[in-house]
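The values are calculated or read from the model by the stated rules, or taken from the named source; none is laboratory data. Since the structure is predicted, the reported quantities are computational estimates derived from the model, not experimental observations. No Cβ is skipped: glycine too gets one built from the backbone with ideal geometry, and neighbour counts run over all protein chains shown. Accessible surface is based on the protein model in full, side chains and every heavy atom, while ligands, DNA and RNA are left aside. Shrake-Rupley method; radii C 1.70, N 1.55, O 1.52, S 1.80 Å.
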Amino acid sequence: MTKTQATRALERDIWRYTHEGNKYVAGAFEVTVGYIAFAQHYERVDYVTIGTDGTIRAYELKTSVSDYHSSAKLSWIGHYNYLVLTQDVYDQVKQVFPYRIGVLVMDESGKIHQKKKPSRHQHSVGECAEIVESMLKAASQDAGKYYMQEEGSLAK
């Protein structure tokens, strides 16, 4: 699936936002938690970070109103969970945010602003371990994509 320019911009800006002033945050995009081959239940999250204190934050990115209202499940697997929206989407849907979920909005310049704070959700040690393992798998896939692209450019 090809990502839109708006999605790529939102990914870039949420990465910058989560790493701003904190080089010790680890993050991964498109994290799938759960074993698809062995279980019917799994969660797919657009972006997940973990800090040095073990706090897991999950981010669902939405670049259009139709994407926000789509049948794609919103996955809330973090200790703190966020919707990340463009300003345009936020302006159109700001009355329908889920309870306990934080809202971050990207303005026209690419700067992210917090509009609503999330509440903390508790997880067991096993759940946290599964989320971190899933992040590692997603980060490894991202690294593989990066090196395959780099290899292609080096071969020229």
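Numbers for the structure displayed
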| read-out | value |
| --- | --- |
| Candidate set: the stretch 1-35, residues that are of a type in the set (Ser, Thr, Tyr) and not in a loop (DSSP other than H, G, I, E, B); chosen: the one nearest to residue 112 (Cα to Cα) | 17 |
| Pair list, Cβ under 7 Å, 6 or more apart: the stretch 88-102 residue free of Cβ contacts under 8 Å to residues at least 60 places away in the same chain and within 17 Å of residue 119 (Cβ to Cβ), other residue assigned to a loop (DSSP other than H, G, I, E, B) and of a type in the set (Gly, Ala, Ser) | 100/119 |
| Total residues in the stretch 52-62, condition crowded, with 19+ Cβ neighbours inside 10 Å and touching a residue at least 40 places away in the same chain (Cβ under 8 Å) | 3 |
| Qualifying positions in the stretch 68-86 - modelled with pLDDT of 90 or more and open to solvent by 40 Å² or more (accessible area, probe 1.4 Å) | 80 |
| Pick from the stretch 6-51, criterion at pLDDT 90 or above, β-branched (Val, Ile, Thr) and over 18 Å from residue 128 (Cα atoms), ranking: most open to solvent (accessible area, probe 1.4 Å) | 18 |
| Members of the stretch 48-81 found to be closer than 21 Å to residue 96 by Cβ and not in a loop (DSSP other than H, G, I, E, B), listed by number | 58, 59, 60, 61, 62, 65, 66, 67, 68, 80, 81 |
| The listed residue being open to solvent by less than 50 Å² (accessible area, probe 1.4 Å) and farther than 18 Å from residue 14 by Cβ, out of 89, 65 | 65 |
| Boolean, residue 111 is within 22 Å of residue 27 (Cβ to Cβ), open to solvent by 30 Å² or more (accessible area, probe 1.4 Å) and modelled with pLDDT of 90 or more | yes |
| Single residue of 45, 105, 84 found to be outside any helix (DSSP H, G or I) and in contact with a Ser or Thr (Cβ under 6 Å, 6 or more places away or on another chain) | 45 |
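Residues are listed down the side, and each one gets a yes or a no for (1) at pLDDT below 85; (2) in contact with a Pro (Cβ under 8 Å, 6 or more places away or on another chain); (3) not charged (D, E, K, R):
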{"position": "107", "(1), (2), (3)": "no, no, no"}
{"position": "116", "(1), (2), (3)": "no, no, no"}
{"position": "124", "(1), (2), (3)": "no, no, yes"}
{"position": "130", "(1), (2), (3)": "no, no, no"}
{"position": "136", "(1), (2), (3)": "no, no, yes"}
{"position": "149", "(1), (2), (3)": "yes, no, yes"}
{"position": "153", "(1), (2), (3)": "yes, no, yes"}
